Amino acid sequence: MTEKIIYIKDTNTSKEDNTSKFYNAFEQKLQGKNLLDKIHLIKIADMGIYNKGITLKLLPENITYVNVKENDIGRIIESTIEKGKTLVDLHLKESYKQVRIALRHCGNLNPENIDEYIANDGYSALTKALTEMSPENVIDEIRKSGLRGRGGGGYPTWLKWKFTLEVDSEQKYVICNADEGDPGAYMDRSMLEGDPHSLIEGMIIAGYAVKATQGYFYIRAEYPLAIERIQKAINQAYEYGLLGKNILDSRVNFDLEIRLGAGAFVCGEETALIASIEGKRGYPRPRPPYPSVKGLWNQPTVINNVETLINVPYIILEGGTKYSSVGTEKSTGTKVFALTGKIKNSGLVEVAMGMPIKNLINDIGGGSATDKKIKAVQTGGPSGGVIPVNYFDTPVSYEALQELGSIMGSGGLIVMDETDCMVDIAKFYLQFCVDESCGKCAPCRIGGYQMLRLLEKISEGKGELGDIDKLKSISQGMQKASLCGLGQTAPNPVVSTLQYFEEEYKEHILEKKCRAGKCSELLSYYIIPDKCTKCGLCFKNCPVNAIKGDRKTGFVIDPDLCIKCGKCAEVCKFDAVTRK
C-alpha cells in the first residue's frame, strides 16, 4: 500500500474542539489493522472549510470528507484507504468561493516535513531568486505584483525593500512581525502553524533582495505551537543548507532566529517591536528616520508581517504579473480574514481583493448566525471602524475601506447584529486601546482615557449632547498628535460609530434608552402579570433579593434594589420577565 497522509480538523465553530478525540479513535483503528506505519495522521489548524464537523483530507487521493463520525472510521479505512473507493455520503460537494494564495499550503502539506514542502515546489522560488535574479530584479518583481503590507498599513512592499537596499551598510536585518494582538484575530497564528517553510523562504528572499544577513521572527509567546513549528522548520532549513553560510552555493549568507514578545499590543508597531528585540521597553519612537533606513540597532531593517512574507515565494515563482491579475488595480492579490462574531461560518478565509463585503459575509460566511438581522461589521480590529449594512456593496480594498472611515488592518472582521449597541462597541475597543497604550505620549495616554470616561458616562445614562462634540474633538487631537499608530487609530471605532450611528448616542443621552439592551444602567426589568405562573424561579435566583412577593400573590421587581443583572429574565421559562 502507498503511504498516505490524512489531515484532521474539527471545523465546527463551537468552543469544543474534538480533533484530538477523533485523532485518537482513528489511531486506535489503524493500530488494530496494523496500518500505523502506512498512514500518517496530522492535526492541522486550518482547511478553509467551516461548520462541517470533523473534516478529513486524504492524500495523495486529494479526497475531502466532512461531518465524519467515529463510527465512519472503519468504512473509511476499508473502502477508501484499502480499496480506493470514495464514500459519496461523506465527500465534500460544496464549493467555497475562496482564492488561496497565502493559505495555499495550509491544510495541504505537513507543516513539520520539509521534504513534503520541497516536493511541492518549496524553496524553488529561493533557488530562482539566487540563481536567476539580482536583488534589483527581485524587488522589481515585487513591484509588478503590487503587493502591499498586509499588517494594516498597506505600504508598497517593494518600496520599503528598495529603501533598505539603497542604504550602504555592512549589516542589515529582516524582521517578520508575528505579534498578532487584535481581538478575534488569528491569521498570523494559522500561517505560522500551517506553513512555516513558506515564511522562511519569504524571509530569505527578502534578505537577499535588500542584502541583509540576519532575520528575526518576532512571535508572541502565547503561540506555543507556532513557535515550535517555526523553530523546527528553521532547524530543518539549516540541515538542508537553506540557511546559514553560502546558501545553495550562491555566496549568500542568511541566519534566522526567533524572538518572543510578551503580548504588548503596542509592540505590533514596528519601532516598539524593534525596541523589544533590542531588550528595551516596547516604546515607539518618532519617525523619520524609518526602520528601512535606521532600524534594529540603528541599522537598515525591513519589517513585514506574516501574510506579506508568505506571498513572496508565490510571486517570485509565478511572477508578479500573475499575482497582480487577482484583486483590483490598486489592491492586488488576496486578503486573509478571520471571520468572527454573529456569523454562521466563522473561521479563516482568503478572498480576492475587491470582493464586496456582502459576498464575504453572505456567500462565504453564511450570513447571520442568529435570528437577528446583521447590523454592521468591524474591520481592522481596535484600530478599525464600524461599517453599517447599507455599505456592504463596498469592495474589500485599502482605498474603499479607508473612505468609509475604517481600515483593512491585519484582517480581523467581526460581524454584529441588532443586539449589538454601537456605544458599547466603541467603549469595548477604546477600553482595549487604553489598557494597551504604552503611555509615552500624552494624546494617547490622556485622550484615550478621557474618551473612555465620556463613553461610560453616556452608556450609564448620564451623558449630555455636548459630550458628542467632545468625543469628536478629542478624536481629532489623538489622530493628529499621537506618536504612533496605536494612538492615531484608537479613536476610529468612536469616529465611525458616531458617523453612522449618531442617533444611538443621542438615544442614550436624550431618551436614556439603549435599543440593543446592552447598557444595563439604561434598562429596567419588569414582570408581566399575565405571563407569570408564580413559579418563583426569579425570586429564588435574584442575587440581591430585589424580587418581592410570594407564590400566592405573585412577584414584582423593586427597581430601587434591582442591579439589572438579568438573572431573572435568564431563568424565567415563560418569558414573563421583560426589560425596557
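Net charge near GLY263: determine it from the other residues with C-beta under 15 Å of the C-beta of GLY263, scoring Lys and Arg +1 and Asp and Glu -1. Result for the local shell: -4. The phi-based Karplus calculation (6.51 cos²θ - 1.76 cosθ + 1.60; θ = phi - 60°) puts the 3J(HN,Hα) values of region 328-343 at 10, 4, 9, 10, 8, x, 10, 9, 8, 10, 9, 7, 9, x, 7, 9 Hz, whole numbers, x for Gly and Pro. The slack in the chain from GLN431 to ALA119, taken as 0.36 nm per residue of separation less the alpha-carbon distance, amounts to 107.5 nm.
Non-local amide H neighbours of GLY411 (under 5 Å, H modeled in plane, Pro and chain starts lacking H): which ones? Counting only residues 5 or more places away or on other chains, the set is GLY380. The amide H of ILE5, built 1.01 Å from its N in the peptide plane, has HIS40, LEU59 as neighbours under 5 Å, considering only residues 5 or more places off or on other chains.
Projected onto its three principal axes, the C-alpha set of region 213-317 covers 41, 32, 26 Å, listed from the longest axis down. Calculated FRET efficiency, GLN28 to ASN110, Cβ-Cβ distance, R0 = 25 Å: about 0.70 to the nearest 0.05. Across the chain, C-alpha contacts under 8 Å between residues 6 or more apart give a mean separation that, scaled by the residue count, equals a relative contact order of 11 percent. The ellipsoid equivalent to the alpha-carbon distribution of region 439-580 has semi-axes of 42, 14, 12 angstrom, derived from the gyration tensor eigenvalues as √(5λ) and listed largest first. Remark on region 484-545: Rg and Dmax equal 18.9, 59 Å (Cα only). Region 517-580 and region 22-61 have Cα centres spaced 50 Å apart.
How many percent of the alpha carbon pairs in region 1-75 exceed a separation of 18 Å? Could the numbers behind the result be given before it?
Working: 959 of 2775 pairs.
Counting pairs separated by more than 18 Å, the tail of P(r) holds 35 percent.
Around ILE77, under 12 Å between beta carbons, what's the net of Lys plus Arg minus Asp minus Glu among the other residues? Don't jump to the answer; show the numbers that get you there.
Details: positive: LYS4, LYS29, LYS33, LYS38, ARG75, LYS83, LYS85; negative: GLU27, ASP72, GLU78, GLU82.
Net charge around ILE77: +3.
Give me the net charge of GLN236's neighbourhood, meaning all other residues with Cβ under 10 Å from the Cβ of GLN236; Lys, Arg count +1, Asp, Glu -1.
That sum, taken over residues with Cβ under 10 Å, equals -2.
Radius of gyration (Cα atoms) of region 311-415, expressed as a multiple of 2.2 N^0.38 Å: 1.08. Annotation for THR394 and GLU460: the two label points, set 7 Å from Cα along the Cα-Cβ direction, are 3.3 nm apart.
When the Cα atoms of region 524-579 are enclosed in a convex hull and the volume is divided per residue, what value in Å³ results? Working shown, then result.
Numbers: hull volume 3.7 nm³, N = 56.
Expressed per residue, the convex hull around the Cα atoms of region 524-579 is 66 Å³.
Mean separation of Cα pairs under 8 Å and 6+ residues apart, divided by the residue count of region 114-324: what relative contact order is that in percent? Dividing the mean separation by the residue count of region 114-324 yields 32 percent. Taking amide H atoms as placed 1.01 Å from N in the peptide plane, the amide H of LYS375 lies under 5 Å from those of MET416, ASP417, GLU418, each 5 or more residues away in sequence or on another chain.
Say the cut-off is 32 Å between C-alpha atoms; which of LYS372/LYS480; LYS97/LYS472; LYS21/LYS564; LYS69/LYS375; LYS128/LYS330 go over it? Could the numbers behind the result be given before it?
On the way: LYS372/LYS480 38 Å; LYS97/LYS472 40 Å; LYS21/LYS564 41 Å; LYS69/LYS375 36 Å; LYS128/LYS330 27 Å.
Going by Cα-Cα distance, LYS372/LYS480; LYS97/LYS472; LYS21/LYS564; LYS69/LYS375 fall outside the 32 Å limit.
Global dimensions of the chain from alpha-carbon coordinates: Rg and Dmax equal 26.8, 91 Å. In order along region 557-568, phi translates into HN-Hα couplings of 9, 7, x, 6, 9, 5, 9, 6, 7, x, 4, 5 Hz, rounded to whole numbers, per the Karplus curve 6.51 cos²θ - 1.76 cosθ + 1.60 with θ = phi - 60° and x for Gly and Pro.
Taking only the Cα atoms of region 114-324, the radius of gyration and Dmax are 15.7, 46 Å.
When each of TYR117, TYR218, TYR283, TYR238 is scored by the number of other beta-carbon atoms lying within 10 Å, the sequence from fewest to most is TYR238, TYR283, TYR218, TYR117. Working from Cα pairs under 8 Å separated by at least six residues, relative contact order for region 396-517 is 32 percent.
From its DSSP helices (H runs of at least four residues, each -39,500 (n - 2.57)), the chain gives a residue-normalised ellipticity at 222 nm of -10500 deg cm²/dmol. Phi-derived couplings, Karplus 6.51 cos²θ - 1.76 cosθ + 1.60 at θ = phi - 60°, listed residue by residue for region 152-164: x, x, x, 6, x, 4, 4, 5, 4, 5, 4, 4, 5 Hz, with x used for Gly and Pro.
Taking a point 7 Å out from the Cα of LYS85 in the direction of its Cβ, the residues of region 22-53 whose backbone N falls within less than 20 Å of it are 30, 33.
Each value in this text was obtained by applying a stated rule to the coordinates, not by laboratory testing. All values derive from a computational prediction rather than experimental measurement. Glycine gets a Cβ as well: all are built from the backbone with ideal geometry, and neighbour counts include every protein chain shown.
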